[in-house]
1. At a probe radius of 1.4 Å, what is the per-residue accessible area of VAL31, in Å² to the nearest 10?
2. How would you classify the chain from its alpha-carbon gyration tensor, with a ≥ b ≥ c the square roots of the eigenvalues: rounded for a/c under 1.5, else prolate if a/b is greater than b/c, otherwise oblate?
3. Counting Lys and Arg as +1 and Asp and Glu as -1, each charge on the Cβ, what is the dipole of segment 1-70 about the Cα centre in debye, to the nearest 20?
4. Which of the lysines could a cross-linker bridge to LYS54, judged by Cα under 17 Å and excluding same-chain residues fewer than eight apart?
5. Expressed as a whole percentage, what fraction of the accessible surface of segment 1-52 belongs to carbon and sulfur atoms when a 1.4 Å probe is rolled over the protein heavy atoms?
6. What is the extension gain from HIS204 to ASP81, computed as 0.36 nm multiplied by their sequence separation minus the C-alpha to C-alpha distance, in nm to one decimal?
7. Using a 7 Å offset from the Cα along the Cα-to-Cβ direction at both ARG214 and GLU129, what is the distance between the two label points in nm, to one decimal?
8. Once a ≥ b ≥ c are taken as the square roots of the eigenvalues of the Cα gyration tensor of segment 115-215, is the result rounded (a/c under 1.5), prolate (a/b larger than b/c) or oblate (a/b not larger than b/c)?
Amino acid sequence: MERPLRADAARNRQLIIDAARELFAEEGIDVTLDDVARRAGVGVGTVYRRFASKEELIDGVFQQNFADMAAAADASLANPDPWDGLVTFAEFACSRMSVNRGLKDVLNGTDEGCEQVACQRSIIEPSVERIFYRAQEAGMLRPDAVPTDLFGLIFMVGAVTEFAQPVNPTVWRRYLSVMLDGLRTEGLHRDALPLPPLSSEELHEAKQCLKDRRR
């Protein structure tokens, strides 16, 4: 049986988790454990005593995100409208990625060294496939589409989100709607696109922000 942490050790662990959660959301998972230690206000040795590797820290930070995503998938499967269930899940995943750069990195990456991420992904991916096939069997998705198209769509929206975030953090909803329309069976009703597109000024500013980040 694992011994409970002393009060100071437990406090330090939570400081590290909170700091990593903030940094991963802001900058992605490429930050170092030194960066996490500075944000947490502890020595890097303290970080390594609580987490043997960055992968173990990633597991600790994103476990709740994946649990929330699994719950969202279950709710979508319970939705009596297969198309609405698919749209609701896609919106949930994209909304989470829109405020958490690290989650996008984790979803787009491999699970190497991240046992909890791998476990949660093995639960979520079959549920997402069921969401997809349920809508397709109801005649709402084009017959030549496959579940990986939905994953690809979500990742593309993630890329748009990261690009537009500095100037228009909600415009991803418009482009998600455009991409989902591409999956719909031809001839079905399409709702009006939500939100206006990026303006010329926003597009120029977003390009400049991207250029500045790459320097």
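1. My reading of the accessible area for VAL31 is about 10 Å².
2. Numbers: a/c = 2.87, a/b = 1.50, b/c = 1.92.
The shape class here is oblate.
3. Numbers: 10 positive and 13 negative charges, 96 e Å.
Value, rounded to 20: 460 debye.
4. The qualifying lysines are LYS104.
5. Numbers: 1630 of 3400 Å².
The C+S portion of the solvent-accessible surface of segment 1-52 is 48 percent.
6. Details: separation 123, 0.36 × 123 = 44.28 nm, distance 3.96 nm.
Residue separation times 0.36 nm, minus the Cα-Cα distance, leaves 40.3 nm.
7. 3.7
8. On the way: a/c = 3.22, a/b = 1.40, b/c = 2.30.
Cα axes put segment 115-215 in the oblate bin.
The values are calculated or read from the model by the stated rules, or taken from the named source; none is laboratory data. Remember, it's a predicted structure, so these values are computed and weren't measured experimentally. When we count neighbours, we look across all protein chains shown, and the Cβ atoms used for this are built from the backbone with ideal geometry, even at glycine. Side chains are part of the model used for accessible areas, which takes the heavy atoms of the whole protein and leaves out ligands, DNA and RNA. Shrake-Rupley method; radii C 1.70, N 1.55, O 1.52, S 1.80 Å.
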